[in-house]
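Q: Quick one: the structure is below, and I'll ask about it shortly.
The values are calculated or read from the model by the stated rules, or taken from the named source; none is laboratory data. Remember, it's a predicted structure, so these values are computed and weren't measured experimentally. Cβ atoms come from the backbone with ideal geometry, glycine included; neighbour counts cover every protein chain shown.
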Amino acid sequence: MRVMGAVLGVDGCKDGWVGVVWGDGDDTEVLVRPTIAELVAAAGAVDAIAIDTPIDLPADVPREAERLARGRLPGRASTVFNAPAAAVLEVSDYPAANAANRAALGLGLSKQAWYLVPKIRDVHDWLTTTPDVPVVEAHPEVCFAAMNGGVLVDGKKTSAGESLRRALLAAHGLRVMTERQRGVAVDDVLDAAATAWTARRFADGLAERLPPEPRGELHPAIWV
């Protein structure tokens, strides 16, 4: 039986979404589902959800959240992609998306950001159902930098980077089982655990908002 007061951290993976449910102790549960709605349903009752995907997309100017998040990652700022314009969700191919983003924000859309659009759309559509739990946006590299007291130099796919991320999670109370399974990389699970750390901080009223105001509005912002 899961301990009450659990939170859910979510990251994308090849087979959809991976979630880490974190209760009151250091034990965690790893879940994988093809859609965000299925993942949240499988997680059961939680006090907060933090997701590594843009929430509340900009209409005409780039978001401040990404600029502030990059400031937390000197030397690794490129790991933070600009959120696409809301208009991008309405198109079906990259050239049209790139043109729509440039028209709305004055910026081209990277191929990396375009590949994330299906997941952004999945979360966007799910949020229109008005889930009865607070849902915030988090960025794993910013989370790990906060845990570490400084940016992590080693990439998450390196042996040194993986070891440090595991150690940081353990030091902050998360014991994550990362048995290899098809469609989910170890770094996906560790990233989901990092967002679970933010979800816990949010549930406890300790999370930092980027930008800091208006604090009472969950979006658009990156929470740490």
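Q: From the list Ala50, Ala83, Ala138, Ala113, which residue is in contact with a Lys or Arg (Cβ under 6 Å, 6 or more places away or on another chain) and either closer than 18 Å to Glu217 by Cβ or at pLDDT below 95 (or both)?
A: Ala83
Q: Shifting gears a bit: Inspect all residues belonging to region 22-35 and state whether any of them is more than 28 Å from Gly150 (Cα to Cα) and either among the hydroxyl-bearing types (Ser, Thr, Tyr) or touching a residue at least 40 places away in the same chain (Cβ under 8 Å) (or both).
A: Yes, the conditions are met somewhere in region 22-35.
Q: While we're looking at this one, here's another question. Determine which member of the set Val117, Val176, Val153, Val136 is closer than 26 Å to Pro62 by Cα, hydrophobic (A, V, I, L, M, F, W, C), out of contact with any Cys (no Cβ under 9 Å at 6 or more places or on another chain) and touching a residue at least 40 places away in the same chain (Cβ under 8 Å).
A: Every option except Val136 fails the conditions.
Q: Does any residue of region 147-166 turn out to be part of a loop (DSSP other than H, G, I, E, B), small (Gly, Ala, Ser) and closer than 17 Å to Asp47 by Cα?
A: Checked region 147-166: no residue is part of a loop (DSSP other than H, G, I, E, B), small (Gly, Ala, Ser) and closer than 17 Å to Asp47 by Cα.
Q: Sticking with this one: Looking at region 58-112 only, could you name the residues that are under 30 Å from Gly150 (Cβ atoms) and among the polar types (S, T, N, Q)?
A: Ser78, Thr79, Asn82, Ser110, Gln112, listed by residue number.
Q: On to the next question. Report yes if Arg102 is surrounded by fewer than 21 Cβ atoms within 10 Å (Cβ to Cβ), free of Cβ contacts under 8 Å to residues at least 24 places away in the same chain, out of contact with any Gly (no Cβ under 7 Å at 6 or more places or on another chain) and more than 21 Å from Asp15 (Cβ to Cβ), otherwise no.
A: No: the conditions fail for Arg102.
Q: In region 182-211, how many are under 15 Å from Glu137 (Cβ atoms), free of Cβ contacts under 8 Å to residues at least 60 places away in the same chain and surrounded by fewer than 22 Cβ atoms within 10 Å (Cβ to Cβ)?
A: Count: 1.
Q: Give me the residue from region 161-173 that is without any contact (Cβ under 8 Å) to a residue 60 or more places away in the chain and not hydrophobic (A, V, I, L, M, F, W, C) and, out of that set, surrounded by the most Cβ atoms within 10 Å (Cβ to Cβ).
A: Going through the qualifying residues, I end up with Arg165.
Q: Would you mind stating whether Ser92 is surrounded by fewer than 19 Cβ atoms within 10 Å (Cβ to Cβ), of a type in the set (S, T, N, Q), over 23 Å from Glu208 (Cα atoms) and at pLDDT below 95?
A: For Ser92, the condition - surrounded by fewer than 19 Cβ atoms within 10 Å (Cβ to Cβ), of a type in the set (S, T, N, Q), over 23 Å from Glu208 (Cα atoms) and at pLDDT below 95 - is met.
Q: Can you name every residue in region 56-75 that is surrounded by 14 or more Cβ atoms within 10 Å (Cβ to Cβ) and either more than 14 Å from Val224 (Cβ to Cβ) or of a type in the set (Gly, Ala, Ser) (or both)?
A: Scanning region 56-75 gives Asp56, Leu57, Pro58, Pro62, Arg63, Glu64, Ala65, Arg67, Ala69.
Q: Pick from region 33-43 the residues that are among the aliphatic types (A, V, I, L, M) and over 17 Å from Ala194 (Cβ atoms): which of them is surrounded by the fewest Cβ atoms within 10 Å (Cβ to Cβ)?
A: My answer is Ala41.
Q: Which of the residues belonging to region 120-133 are without any contact (Cβ under 8 Å) to a residue 40 or more places away in the chain and of a type in the set (Ser, Thr, Tyr)?
A: Within region 120-133, Thr128, Thr130 qualify.
Q: Does region 32-57 hold any residues that are more than 15 Å from the chain's Cα centre (by Cα), of a type outside the set (A, V, I, L, M) and over 15 Å from Trp22 (Cα atoms), and which are they?
A: Arg33, Pro34, Glu38 - these are the residues of region 32-57 that are more than 15 Å from the chain's Cα centre (by Cα), of a type outside the set (A, V, I, L, M) and over 15 Å from Trp22 (Cα atoms).
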